[in-house]
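Encoded as structure tokens, the structure appears first; notes follow it.
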Amino acid sequence: MQTNIAVIGAGLAGLTLASQLRGVADVTVFEKSRGLGGRMAERRRSGYRFDHGAQYFTARDPAFLALTEETMRLGATALWPVEIDDRRPGATKSEDRRFVGAPGMNGLARAIGQDLDIRCTTEISALRKESGRWLLTDKTDAPSGPFDWVISTAPAPQTARLLPPEFSGADRLAQVRMSGCFTLMIGLDRQPLLEAAAIRAHHPVVGWIALNSSKPGREGPPCLVIHSRNDWADAHMDEDRNWIAHELLAGVAELTGENYSDAPHRDLHRWRYANVEKPLGAPFLIDAELGLAAAGDWCLGGRVECAFQSAQHLSRAVAETLRET
Ligand SMILES: Cc1cc2nc3c(=O)[nH]c(=O)nc-3n(C[C@H](O)[C@H](O)[C@H](O)COP(=O)(O)OP(=O)(O)OC[C@H]3O[C@@H](n4cnc5c(N)ncnc54)[C@H](O)[C@@H]3O)c2cc1C
């Protein structure tokens, strides 16, 4: 009988796991949002296209580079030939090529997820074992299953809340630290006067400014994506959103000399878990006895490529375990 696996999360880690395990198991992906990609996110509003999560990704790992090149041929990934103005003290120039999903950052996830069984708008709230197999409950109390394995790729603090305390990786999972970020999206009616299409700032509030419309395939009027610093976001996570936007705009004005407070479009997104401050230090967690595992960027570091690597290592480990049983 075919093994049934539930994967929680349709970000890059969850989709990579599902596509790599579907040869050896029946895999169902559960995703709380409406779309795929997780933090590789795109928001379209009033004709503007914003990548409001990950800005670009690098591909040093040979398997991830192969996927990047394959999806480039399909038009789901593109090269962003950007010169980043890195203003942090001691910053060195990176020779890495920078890739983006196309036509939006979620393009890569959409390409991987194409033929997978994915249940969107389904937020898993609890797992329980019945007759040796896992049943999942979503926010509407609808049950799904049974499954032989459950793999969570939600950010570490959310995975820690979902998996039961008897999970053998629970203590190590609790050690992982993630930080937040605020993203301010600004739609313009003129080209902004920026010194570079991307600025990595050295500023107490603002961490990153990008002319998102400079990325390949982002047709439409000019628009900016501004990220706060992670430590500043953590210190102000529950503050008034208008105040947050005001502080970010003030920071951008200091850094660029440009005042965008009257821009025709403005939107703010709060990421409670954006970056990885203290990773697990291992590619995944697995408890073969319980049929539980966890993967995601938080295992190795807060980058797209780390999410892929974590998922790839875990899919090999699960496939190996299935072969042995
Ligand atoms: C603001 C920001 C900027 C970034 N910039 C960069 C960058 O420039 N370069 C780079 O390489 N990386 C960057 N990153 C990090 C990068 O986005 C992540 O490393 C990567 O996307 C993580 O993928 P993942 O699959 O591990 O997790 P996610 O993408 O977080 O996927 C997890 C998924 O699980 C879903 N989920 C959570 N809980 C549940 C539940 N209970 N039920 C169902 N679904 C659930 C979530 O909705 C999400 O879709 C950035 C991230 C942010 C937020």
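Miscellaneous remarks
- Value of relative contact order over segment 147-257, rounded to a whole percent, pairs C-alpha under 8 Å and six or more apart: 25
- Between 0 and 90°, nearest 10: helix 62-74 axis offset from the chain longest Cα axis: 70
- Available extension along the chain between residue 250 and residue 289 is 8.7 nm, counting 0.36 nm per residue and deducting the alpha carbon span.
- Long-range lysine pairs (8 or more apart or interchain), the chain, Cα under 26 Å: 6
- For the options 263, 154, 59, a Gaussian network treatment of the chain with springs between C-alpha atoms closer than 10 Å singles out 263 as fluctuating the most.
- When the surface is traced with a 1.4 Å probe over the full set of protein chains, residue 243 keeps roughly 90 Å² accessible.
- Between 117, 262, 171, the residue with the greatest mean-square fluctuation in the GNM of the chain (Cα pairs under 10 Å linked by springs) is 262.
- The convex hull built on the alpha-carbon positions of the chain has an orientation-averaged projected area of 17.0 nm².
- Protein accessible area in the chain, 1.4 Å probe - carbon and sulfur %: 46
- Computed [θ] at 222 nm, helices only, for the chain once each DSSP H run of length n ≥ 4 contributes -39500 (n - 2.57): -8000 deg cm²/dmol
- Here segment 62-187 is treated as a Stokes sphere of Kirkwood radius computed over C-alpha pairs; at 4 °C and 1.567 mPa s its diffusion coefficient rounds to 69 µm²/s.
- Solvent-accessible surface of the chain, taken per residue with a 1.4 Å probe and all protein chains present: 45 Å².
- Nearest-ten-degree value, helix 304-324 long axis tilted from longest Cα axis of the chain: 10
- P(r) histogram, all alpha-carbon pairs of segment 175-254 included - 5 Å bins from 0, percent: 3, 15, 25, 23, 16, 11, 6, 1, 0, 0
- Crossing angle, helix 241-256 versus the chain [Cα axis fit, 0-90 degrees, rounded to tens]: 50
- Rel. contact order, % - alpha carbon contacts under 8 angstrom, at least six apart, segment 48-107: 48
- Sparse-neighbour loop sites [GluC sites (Glu not before Pro); segment 287-325; at most 13 other C-beta within 10 Å; DSSP]: 289
- Length added when fully stretched, residue 63-residue 117, from 0.36 nm per residue minus Cα-Cα: 17.1 nm
- Ordered from highest to lowest accessible area with the whole protein assembly present and a 1.4 Å probe, 45, 218, 229, 323 read as 323, 45, 229, 218.
The values are calculated or read from the model by the stated rules, or taken from the named source; none is laboratory data. These numbers come from a predicted model, not from an experiment. Every residue, glycine as well, gets a Cβ built from its backbone with ideal geometry; the counts of neighbours run over all protein chains shown. The area values use the complete protein model at the heavy-atom level, side chains included, leaving out ligands, DNA and RNA. Shrake-Rupley method; radii C 1.70, N 1.55, O 1.52, S 1.80 Å.
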